[in-house]
Every structure is written in C-alpha cells, then in structure tokens.
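Coordinate-derived values only; no laboratory data. Source: prediction; values computed, not measured. Glycine gets a Cβ as well: all are built from the backbone with ideal geometry, and neighbour counts include every protein chain shown.
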Amino acid sequence: MTPIEIFMTWVAAILTLMVLSFLWKENKFYRIAEHVGVGAAAGHGTLTAINSIQTSCVTPLIGGNIVLIIPLILGLMVFMGLSKKLGWLTRYPMMFMVGTGIGVMLGAIMEGQIIGLLKATVTEVFVGDAFLAFSGLIVVIGFITTLSFFIFTKEHTGTLGTSAKIGRVFMMASFACNWSAEMIYYLGLMVSAFMFLINVWIKQAILGVI
C-alpha cells in the first residue's frame, strides 16, 4: 500500500471505530464521526449539484439552448428564501418541483408497482406451471384482501370483515419480511465494517500483509 492509501485506511478505520462506539453508548467520538459524515455528504451533494447544473444547464445554455434559462431562473429563485422581502418567490419553483415530482412519481408507481404487477400476476395464474399459478393466486388474494382492509366506509363485518382480517395477516407477513430484509442489510454493513478493519486496516495497513 502507498503512504496515501495507508493514511486514508487509518482515517476510515478510526471513523469506523468511532461510529461503532455507539454500540456502547452515545459519546463525543460518535458525534464527531456523525458530523464528519454529514458534512462530507453535504459537501459531496453540493459539488454534485453544481456539476450537474454546469453540464446539464449552463453549458447547453451557452451553446444556444435558450429554453434552459427557465429552469435556471427557477433554481435561482429558490435562494430568494434568504430574503425576507423576496422570500415569497420561492413558492413558484417549489410549486413546479412538487407538482412535477408528484406527477412523475404517481405515473411510475401506477405503471411499475400496480399495473405491471397485476399484469404479471394475472398472467401467472393462467400459465401451465402449477407452482406459478398457485403463487399468482396467493398474490391476487393478498392484493384484494389487503385493499379491503382499507375500506373504512363500511363496518368490517361479515364477508368484508373476514377479508379485512386476511388482509391484515398478509400485511403483517409483508412487514415482517421487510423488517427482516432491513436487518439482514444492516447486519451485512456491520460485517463489512468488521471485515474492513480486519483484512484492510490490521492486516495490510498495520501488519503489511498483502
């Protein structure tokens, strides 16, 4: 390892240990690492945004694409929030961002998570493979019963009540699977941190083992 790589490895290892110290209790070392992480993320995000503005807006604008002056002006209007007199101007870019974001998000959710899944599920129900057909049927039952759980205009009694109870079971199973996946993900991150400390910091940076 080069001296720069060794130095950066030591920095990363010390910050990792400072973050892991939170497992003992909250302390000033953890808070320092937290502030460093937040500051680094904020700085990286700022530089990325500046580079994105330059490459996707300023450079094409100089090249003659006059239409891009509209998003540039809207972006600059966001900084009007720093002024008490002109702060109301920030409402217009926020209006465009929220409206566009909601429109794009709803379209993507409807197509990818509802319509697309329904098409795939219905297709699986009518295939020749018994396992896929059974799986698709379970998904259809879970979808219908879960929707029935959120029908609040009618009392959950009789058939609707039974369907709502089944939907609640499906939701609990879904929440449990999602929670388990989150735990596995974070445990993987912790294992990766320990592997970095052992294989990179101790073996390579300290002991010099390649």
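Here is how the numbers come out for the structure above:
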item: Gaussian network model of the chain, springs between alpha carbon atoms under 10 Å - residue of Glu111, Glu155, Glu34 with greatest fluctuation; result: Glu155
item: In sequence order, calculated HN-Hα J values of the range 106-118 (Karplus, 6.51, -1.76, 1.60; Hz; x Gly/Pro); result: 5, x, 5, 5, 4, 6, x, 9, 10, 5, x, 5, 5
item: Point-to-point label distance, Leu187-Thr162, nm (Cα→Cβ direction, 7 Å offset); result: 3.9
item: Computed [θ] at 222 nm, deg cm²/dmol, the chain (DSSP H ≥ 4; -39,500 (n - 2.57); rounded to nearest 500); result: -23500 deg cm²/dmol
item: Value of relative contact order over the range 127-210, rounded to a whole percent, pairs C-alpha under 8 Å and six or more apart; result: 20
item: Distance from the range 142-190 to the range 73-90 (C-alpha centre basis), Å; result: 43
item: 18 Å Cα-Cα reach of Lys25 towards aspartates and glutamates, excluding residues that sit fewer than 8 places from it in its own chain; result: Glu34
item: Prolate/oblate/rounded call for the range 16-121, Cα gyration tensor, a/c under 1.5 rounded; result: oblate
item: Nearest-0.05 FRET efficiency for Thr46 and Phe196, computed from C-beta distance (R0 25 Å); result: 0.40
item: Among [x] -0.27, -0.62, -0.73, -0.98; [y] -0.37, -0.73, -0.84, -1.06; [z] -0.66, -1.08, -1.08, -1.06, the entry that matches log10 I(q)/I(0) by the Debye sum over Cα atoms at q = 0.08, 0.12, 0.13, 0.15 Å⁻¹ as calculated here; result: [z]
